[in-house]
Amino acid sequence: MVKGAINFEEFDLLIEEAAKAPRTLGLAPQAHESYTSQAHRQQARRQLFDTMDKDKGGSITFEEYLNWAVGHIAGKIQEYRAGNRYAAAPAPVTYAAPPVTYSSAPVTYAAAPAVTYASAPAAAPVTAVSSAAHVTYSAAPVTYAGAPALAQPAYSAPVAYAGAPVAYMSPTIARR
């Protein structure tokens, strides 16, 4: 290996590092968008490497890489000025939680039984009719003339203190 030269594996890493900034800014596609598989990416990069490796020695020098990079960037600038701009694919939708799946069908409730009330004559006993057991009242409900009176509480004499109240001061404030 020539000092100052890189092999194919190092070239592949160099291309990935050099492409990070344009990809981050959305100016270049991600590798998985450009290539259908890892093998496809390696094959395309190998062809690119072989075009730069003029002496076919299995390595390229910085000068060979720089000449390619300047030409590549100049071509991208011309494409950009001509209106041919890279448009990133929209990001796929991701969900925070997986969709809910039920182990059984949702619960269905039967309707509540219908309740029917019969109107009772004024002095006659009241009968409630429902789907439950029948209940018959023998007397009309009791009506109160007023609310029951509550006894008022008795209070003792007011409290008398031996001296005037004392203000409390915390020790940290007292030391100041």
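Within the stretch 89-98, the presence of at least one residue that is under 31 Å from the mean Cα position of the chain (by Cα) and touching a residue at least 40 places away in the same chain (Cβ under 8 Å) is confirmed.
Checked against the criterion of being farther than 29 Å from R81 by Cα and not hydroxyl-bearing (S, T, Y), the stretch 25-39 has at least one qualifying residue. Here L14 passes the criteria (1) free of Cβ contacts under 8 Å to residues at least 12 places away in the same chain; (2) surrounded by 12 or more Cβ atoms within 10 Å (Cβ to Cβ) except the one numbered (1).
With respect to E64, is the statement that it is surrounded by 11 or more Cβ atoms within 10 Å (Cβ to Cβ), without any contact (Cβ under 8 Å) to a residue 40 or more places away in the chain, touching a Lys or Arg at 6+ places or on another chain (Cβ under 8 Å) and of a type in the set (D, E) true? So E64 fits the description; yes.
Within the stretch 25-43, the residues that satisfy the criterion of being surrounded by fewer than 11 Cβ atoms within 10 Å (Cβ to Cβ) and modelled with pLDDT of 85 or more are T36, S37, Q38, A39.
The values are calculated or read from the model by the stated rules, or taken from the named source; none is laboratory data. Predicted model, so just to flag it, every value in this text is computed and none were measured. Note that we place each Cβ from the backbone using ideal geometry, even for glycine, and neighbour counts take in every protein chain shown.
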